[in-house]
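Q: Here you go, one structure.
The values are calculated or read from the model by the stated rules, or taken from the named source; none is laboratory data. Keep in mind the model is a prediction, meaning the values are calculated, not measured. Don't worry about glycine lacking a Cβ; one is built from the backbone with ideal geometry, like all the others, and counts go over all protein chains shown. Only protein heavy atoms, including side chains, enter the accessible area calculation; ligands, DNA and RNA are left aside. Shrake-Rupley method; radii C 1.70, N 1.55, O 1.52, S 1.80 Å.
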Amino acid sequence: NTASASGTDPNATEVTDDDAIATPVVTGPAISLTKTLQSNADEDGSGGVSIADTLTYSFVATNTGDVSLSAVRVVDPLPGLSALSCAPVEPAHLDPGESISCTATYTVTQLNVDQGQILNTATAEGIAPDSSLVSDNDDVTVLIAQVASIALDKFVAGNADEDGSGGVTRDDTLTYQFEATNTGNLTLTGVNISDPLVGLGVFDCVPAQPTTLLPGAT
């Protein structure tokens, strides 16, 4: 800033002088992001996180520095995440101490269940008055309980009663049926049915084995 001094001498002449000084101000632009799992719409009532559940994430970005930040926004690269709903709307202007709060939803997929967790990192960023970019990251890990199980049901589906006896006799041809069901919540690969019965014919399976079964598939 510049100061001025002035005065008038006995001859009524005004004299003046100016002097300027620049005082550097040290600034500390900063931003902080907190990401949390706000809620789970437990679609199947399991009490935990499972496939098709809708998760709601909460994001709070706060200007923790001593200068205003412009163009503040929150970014989350999780595939399948909904658009963020923020207040104030993005891009936001935040004075020191002010925050922007956002929410977004995500539907749990079979891939998430197979991985046993949903892990991702969000980023908050803003621009300081000196045009520098400040940012902060926060991540949330949502654990998913995994259950691997399979059930086999074998029964006689038919008897070609060769002699018409009405019962099972020599040379009758029995047809066995086998149903293997994925009773867990994980994808099963290499599913195969075997039977050591001597003389049993070749298996005819749909789909052909070995196969992959999603939960509930047979």
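Q: Can you give me the orientation-averaged projected area of the convex hull built on the Cα atoms of the stretch 54-170, in nm²?
A: Value for the stretch 54-170: 11.9 nm².
Q: Under a Cβ-Cβ cut-off of 15 Å, what is the net charge of the residues other than residue 195 that fall near it, where Lys and Arg count +1 and Asp and Glu count -1?
A: Net local charge, residue 195 excluded: -2.
Q: Right, something else. Which of 13, 64, 103 moves the most in a Gaussian network model of the chain with Cα springs under 10 Å?
A: Ranking 13, 64, 103 by mean-square fluctuation puts 13 first.
Q: If I histogram all Cα-Cα distances within the stretch 161-218 using bins 5 Å wide from 0, what percent of pairs lands in each bin?
A: Pairs per bin, as whole percents: 4, 15, 21, 16, 14, 11, 8, 7, 4, 1.
Q: Okay, next question. I'd like the GluC sites (Glu not before Pro) in the stretch 1-108 restricted to DSSP loop residues with at most 13 other Cβ atoms within 10 Å, sorted by number. Numbers along the way, then the final one.
A: Numbers: sites: 14, 43, 98; in loops: 43, 98.
Here the GluC sites (Glu not before Pro) that fit, given the DSSP loop and packing criteria, are 43.
Q: At a 1.4 Å probe radius, carbon and sulfur cover how many percent of the accessible area of the chain?
A: Values: 6980 of 13170 Å².
Carbon and sulfur together cover 53 percent of it.
Q: Another one. Taking just the alpha-carbon atoms of the chain, what radius of gyration and Dmax come out, in angstrom?
A: Answer for the chain, Rg first and Dmax second: 35.6, 146 Å.
Q: Taking amide H positions as placed 1.01 Å from N in the peptide plane, with prolines and chain starts having none, which residues 5 or more places from residue 66, or on another chain, fall under 5 Å of its amide H?
A: Residues meeting the criterion, in which the H sits 1.01 Å from N, are 28, 30.
Q: In vacuum, with every alpha carbon of the stretch 125-203 counted as one equal point scatterer, what does the Debye formula give for log10 I(q)/I(0) at q = 0.15 Å⁻¹? Two decimals, please.
A: Listed by q, the Debye log ratios stand at -0.78.
Q: Something else: Can you tell me the accessible area per residue over the chain, all protein chains present, probe 1.4 angstrom, in square angstrom?
A: In whole numbers, the chain has 60 Å² accessible per residue.
Q: Let me ask something else about it. Applying a 10 Å radius around every beta-carbon, put 141-151, 121-131, 107-117, 1-11 in order of their mean neighbour count, most first. Please list the in-between numbers first.
A: Working: 141-151: 12.7, 121-131: 17.4, 107-117: 15.5, 1-11: 7.8.
Packing order, densest peptide first, comes out as 121-131, 107-117, 141-151, 1-11.
Q: Can you give the helix-only mean residue ellipticity at 222 nm for the chain, where every DSSP H stretch with n ≥ 4 adds -39500 (n - 2.57) and the sum goes over all residues, rounded to the nearest 500 deg cm²/dmol?
A: -500 deg cm²/dmol
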